[in-house]
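So the structure is just underneath, and the comments pick up after that.
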Amino acid sequence: MIHNLAQRIASWLGKELQQEERAAVMAYGLELLLGAVVKLVCFVTIPLLLGIFPQVIAALLASVVFRLAAGGAHCTAYYRCLIGSLTTFTGLGFLARWLGEIDAPGTEMALVAAFFAVTVALIWAPADTPAKPITREGHRRALKIISLLVPLCYLALVWFFPLRGDLVTASTLGLAFQAFTVTPAGYRFVEWLDVLLGRLHSIPIPGKGGVKNAV
């Protein structure tokens with residue numbers, strides 16, 4: 001849906017600006033922009049409605065920072081990525097809130113998660129995908145170093161700054177989950193999730209004309 005919308009807007013802009021030869025470039029940029037806007041809206045409105053916005057954002061920030069350096073598995077389609085990540089981080093947000101209510105040892109959990117992330121970074125990071133391979137050795141070394149530093153910096157932040165217990169727990173869960181997606185088991189899990197979401201998407205809706213109208 002976003003792809004088609006971006007194509008239509010780019011085609012219209014190309015004609016209006018008399019730059020039809022640049023329509024493909026504009027469509028690509030618009031697709032990225034629209035996709036980012038949709039993700040932002042979903043990750044703000046849904047956690048707010050569910051009452052877990054701080055926890056979801058804490059988990060998401062810890063995950064994103066580690067992912068930028070360490071990489072990890074990807075779904076093969078935008079909507080699968082959106083649904084999978086939104087479901088995952090919503091679940092982590094609820095789990096973090098519950099663990100905070102029972103006074104789970106957040107600092108100790110952060111220590112375990114950081115150790116796990118460092119171990120993963122040493123063995124598997126940076127983990128690329130066929131669609132986005134890391135080809136330069138210098139770039140690969142730099143990403144590995146950064147992926148090792150991120151959990152250590154996170155641990156120092158948790159250790160020396162007074163943070164809310166549920167937010168520490170949420171960020172710990174986000175870091176641990178992202179580290180998991182860098183491992184071979186994590187790749188298999190994301191591949192399974194990707195296939196599952198694809199099958200669910202292909203289920204026809206009665207009276208709506210089948211797969212094309214299931215979006």
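I'd like to check something: does segment 87-106 contain any residue that is crowded, with 17+ Cβ neighbours inside 10 Å, over 26 Å from A156 (Cβ atoms) and of a type in the set (G, A, S)?
Scanning segment 87-106 turns up no residue that is crowded, with 17+ Cβ neighbours inside 10 Å, over 26 Å from A156 (Cβ atoms) and of a type in the set (G, A, S).
Taking segment 39-86 on its own, how many of its residues are part of a loop (DSSP other than H, G, I, E, B) and closer than 26 Å to S147 by Cα? First the steps, then the outcome.
Of segment 39-86, the ones part of a loop (DSSP other than H, G, I, E, B) are 51-52, 72-77.
Imposing the further condition that a residue be closer than 26 Å to S147 by Cα reduces the set to 72-77.
Final tally of qualifying residues: 6.
Consider T88 against the criteria (1) at pLDDT 75 or above; (2) hydroxyl-bearing (S, T, Y); (3) outside the structural domain of A176 (by TED's automatic domain parsing): it satisfies all of them except one. Which criterion is unmet?
So the condition that T88 fails would be (3).
Could you tell me which numbered condition G165 fails, if it satisfies all but one of (1) touching an Asp or Glu at 6+ places or on another chain (Cβ under 8 Å); (2) at pLDDT 95 or above?
All conditions are met except number (2).
In this structure, does L111 turn out to be in a helix (DSSP H, G or I) and farther than 30 Å from G35 by Cβ? Before you say what the answer is, go through the steps one by one.
Numbers: in a helix (DSSP H, G or I): yes; farther than 30 Å from G35 by Cβ: yes.
The answer is yes for L111.
Among the residues of segment 91-124, write down those that are among the β-branched types (V, I, T) and at pLDDT 95 or above. Give the steps one after another, and end with the answer.
First pass over segment 91-124, keeping only residues among the β-branched types (V, I, T): 102, 107, 112, 118-120, 123.
Scanning segment 91-124 gives V112, V118, T119, V120, I123.
Test of understanding: among R140, R136, R188, R199, which residue is surrounded by 13 or more Cβ atoms within 10 Å (Cβ to Cβ), basic (K, R), in the same structural domain as A59 (by TED's automatic domain parsing) and on the phi < 0 side of the Ramachandran plot? Working first, answer last.
Working: R136 fails: surrounded by 13 or more Cβ atoms within 10 Å (Cβ to Cβ); R188 fails: surrounded by 13 or more Cβ atoms within 10 Å (Cβ to Cβ); R199 fails: surrounded by 13 or more Cβ atoms within 10 Å (Cβ to Cβ).
Just a single option satisfies the conditions, and that option is R140.
The values are calculated or read from the model by the stated rules, or taken from the named source; none is laboratory data. In this text the structure is predicted, and so the values were computed from the model without any measurement. Cβ atoms come from the backbone with ideal geometry, glycine included; neighbour counts cover every protein chain shown.
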